[in-house]
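Read the structure below first, then the notes.
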Amino acid sequence: MQELKVYTATIDDYVSGRSSSYRPQAIYDQRNLVQYHLMSIGTITGTGLGAISEVCRLATIIYSIGVTFPLSGVRAPFGTLAKALQSDLDTNKLLDTWPVLEHGDILFLWILMMGGIAAGNGPGRDWFIESLAEVMYVSDSVQWSCVKEKLRMILWLDIACEMAGKEVWGEAHVLLQSRAQRTKSLPFPSPTSDQKLKAPCGHCRSKKIKCDKDDPCQNCVKSGLSCGSAGASAAFQARVHVFSMRQKPCDMCRRRRVRCDKGKPCQRCKDGGFRCVYREYLQS
């Protein structure tokens, strides 16, 4: 992939006129060598990093035959590659694991974008659009400028990818907007009482810290303490036992910094039509 990234930069410099030192024949030779090395990589088997490496290989081939070593629309196996990419992502449940990977949002934005472009108007396009929309939402990368900035970190050439990429992004963006409107129209039941305490809870009062007066308040939630009004019951603040530790919010609610009811799936993900993933299960 690094060789292809260097070659992409060479093309960009040559086309934009930023460098006149490149000779066409040298560029052709570089292109052929890079493509040969890429196509010499066989199918990568296994789970975990092996599965991630395989979807990266497929997405890179899609990029290469569409941008750096372009094949005609009739001969290029875009549909076959998109189908294989979707199958590997789905079979290995990689869309459930990307949030715990370092820079996973950047990598999977690019992989899903390549799949969405390659799928064309085929049956798999909707799947890629929906998956891309989810990654965009969770990673807070909704605007096209933000998405494109991350795509450029992997492999991207504006003059070749802009039109098709923006079309895929546009469909994902429309999907997010429709889900947002639908979610706004649905009442979200809070997992705890919406009533405010009339006075700070006993814990916050004893610590002399600001209390939001929710029931429970956020200070008690973070500290694992029972929470209540400043009455007699608040005087006995029991620590949560280590074997009954509070379950963490799902990854989407955690990243969006919103309250999660910790359901499986949680109500926010269910209303929004998103996949609900819990980090503790990803690491087990």
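From Cα pairs below 8 angstrom and at least 6 apart in sequence, can you work out the relative contact order of the range 43-89, rounded to a whole percent?
Details: 21 pairs, mean separation 18.4, N = 47.
Reported relative contact order: 39 percent.
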So what's the gap between the Cα centers of the range 105-145 and the range 1-46, to the nearest angstrom?
25 Å
Set K93/K213; K93/K262; K150/K210, cut-off 31 Å on Cα-Cα distance; pairs above it are K93/K213; K150/K210
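Please report Rg over Rh for the range 57-158, where both radii come from the alpha carbon positions and Rh follows the Kirkwood definition.
Working: Rg = 13.0 Å, Rh = 13.8 Å.
So for the range 57-158, dividing Rg by the Kirkwood Rh gives 0.95.
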List, in order, the whole-Hz ³J(HN,Hα) value for each residue of the range 121-127 obtained from phi through the Karplus relation with A = 6.51, B = -1.76, C = 1.60 and θ = phi - 60°; use x for Gly and Pro.
9, x, x, x, 4, 4, 5
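Coordinate-derived values only; no laboratory data. Values in this document were obtained by computation on a predicted structure and should not be read as measured data.
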